[in-house]
Every structure is written in C-alpha cells, then in structure tokens.
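I have placed the structure first, in the form of structure tokens, so that the comments after it can refer back to it.
Values quoted throughout were computed directly from the atomic coordinates according to the rules given, and no laboratory measurement underlies them. Because the structure is a prediction, the values reported are computed rather than measured. Cβ placement follows ideal geometry from the backbone for every residue including glycine, while neighbour counts extend to all protein chains displayed.
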Amino acid sequence: MARGVTPEIVVVPDPAALARQAAERFVALARQAIAHRERFSVALSGGSTPRDLYALLAAPEFAAQVDWARVYFFWGDERAVPPDDPASNFRMAYETLLSRVPAPPENIFRIPAEKEPQQAAREYDGTLREFFKWDASPSKEGAERGQTRTPSVIARRRFGPTKQSSIRELKIASQKPLAMTSPNPRSSALVRVPYFPRLDLILLGLGANGHTASLFPHTAVLRVTTRWVEAEYVAEVKMNRITLTAPVINAARNILFLVSGADKAQTVHAVLRGEYRPDDLPAQLIQPTDGALVWLLDRAAASAL
C-alpha cells in the first residue's frame, strides 16, 4: 500500500465476534471523544456487516454505555434513493440503531439523496462545512469553543425541538439545506489551503471489487483532492451515488473497516498486501497520515493474508 499510517489488522473468529469488537471500539471512542471534545461525530456505512454492529449497539448492553445526546451521525455515502427506500443506507441505520436509542433527531445529518445527485452533494457539503466550520479556526481555543457550540446552533436551525421522529419526519425536517457560513477563502490566507472535517470515526466496508464508501474503481471521484462530497453515476451498479471523498475520509481521527466473508479474502489481500493500484482498488486510497486506521476482519475475510 501507499505511505500513511500503518494499519492495525485485527482478526476475529466470525461475524458475531466482529460486530462485538466493533461495538466495543465504538463505545470506547465515543467516551474518549466526549471526554475531550464534548461530542462524538461518526459517519455510518451501509451493508450487512454494519447492520449487525448497529443492532448490537442498540441492545441494552451497549446502548447504556453511550451518551447518545452527544453523538452526531453522518454518512460516508448514500444511494440516490429516498430515505424510506429499502436500498437507503440511512433507512438501514435508522431501523437498526437510530430509532432504538435516544439519539436526538437534530443530531442526525443524513444525505438528502432523494434530490438531484449533484444538488444532494452540494447540500451535504454545506451541512458538513457548517457543522465543522470551527475546525478551520486558527485559534485552538476558538476551535474547541466552536466544537461545543456549533451543533446546538445547527440543531435549532435544522430540526427545532428535540423529539423522537419517524423516517418521514426526519426527511421533511432535512429538506432545507444549511447555509454555508465557512470562512471565505479569499478573505483569509489561513484558509486558502483546503481543510477537511475531522470526524471522530468513519465506518467503512469493502466491496469484492475493492470499492469503499462509494469510491468505485475507475470513477472520477477517485481523483478529487479538494472537495468534500461528490456525486457520480456508477455504471457498475447502474446508479447514482453520493459519497465523502478520500481526503475527507483520510482526515478522520479513526477509520474502521469492517469486512466479513470468504468472498472478500482475495480483495483484502490485494488491498493490504498487493501493489498500489488505487484506480483498480479504491480502498487503497484510505491512507490517513494523522489518525488511526483499523481493519477488523473475520477469519474468512482474512484467510488470504
């Protein structure tokens, strides 16, 4: 693989052990982030492996260990479908986790994927920039202050009073995009260099073709180096996708790949041990330089290593 942090590779016996290990890490990272920054920001992923994780996090054993009022939910990618569509990553996370824990609806920032894809990407980019705008502050004190204030401002503007909401209510509440109030790059030399949001945790899967999030082989989004969110039609799956870009993923404090099944074994080997070919294996683009990268594999997925 290309240069970056050395990934930690953790192999567990089976999918059940994988979900439990992931849940334990989620809880530990949430506690750490809330203790240090008073909030925990996480980007969720779709797929069957994260489904098991979400169900476990919603179970009493783990749900009781998380201060859900301080957890802020984002998504690494989304299919271009409404939030109540069976293919929606949001819907899967909502049904298995978000509707089963006391997560305030104003803490949930889904991708508005029912809209025209490019518009959805622009709006989600704006949402991220509004939430993480203080991360670009030249003052550490200002950044820390912003990290505790910005979410409450967004909550009032985006959803109003806290309450448990249905998928339909969350869909309606998120129709209006947040205004982009990030610093003007022309007005300050301090922000002329692109900056990226620093999520506390990004969950990722791995496709048998080497894709992760919606970074698919031989697509234009793989070459994006400054933008935060992109939309692209992926011919391989005959669908528009909206995704965080590789630089945004690499800026996270923690990145956790969850990979299960023997059908992924050769791809895992190619990504982790093979020649660096990110156009063929986009997961190789995930190379943070200032964060933790963990590959959590079950024994079947790790069998070719």
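Some points to look at:
- Peptides 6-14, 87-95, 100-108 ranked from most to least packed by the mean count of surrounding Cβ atoms within 10 Å: 87-95, 100-108, 6-14.
- Here I249, I111 are placed in order of increasing Cβ neighbour count within 10 Å, fewest first, which gives I249, I111.
- Label point distance in nm, Q266-Q32, each placed 7 Å from Cα along Cα→Cβ: 3.6
- Ranked by the mean number of other Cβ atoms within 10 Å per residue, highest first, peptides 196-203, 16-23, 263-270 order as 196-203, 16-23, 263-270.
- Computed E for A16/E275 - FRET, C-beta separation, R0 25 angstrom, nearest 0.05: 0.15
- Per-residue Karplus couplings for the range 269-283, computed as 6.51 cos²θ - 1.76 cosθ + 1.60 with θ equal to phi - 60°, are listed in order as 4, 5, 5, 8, 10, x, 4, 6, 9, x, 5, 8, 10, x, 4 Hz, Gly and Pro entered as x.
- The simple spin-label model puts a point 7 Å past each Cα toward its Cβ; for S303 and Q119 those points are separated by 4.7 nm.
- Here's how it looks for M239: its modeled amide H is under 5 Å from those of V234, which are all 5 or more places away or on a different chain.
- For the range 24-40 versus the range 192-235, the spacing of their alpha-carbon centroids is 24 Å.
- Vicinal HN-Hα couplings computed from phi for the range 18-28 (Karplus, 6.51 cos²θ - 1.76 cosθ + 1.60; Hz; Gly/Pro x): 5, 4, 5, 4, 5, 5, 5, 5, 4, 4, 5
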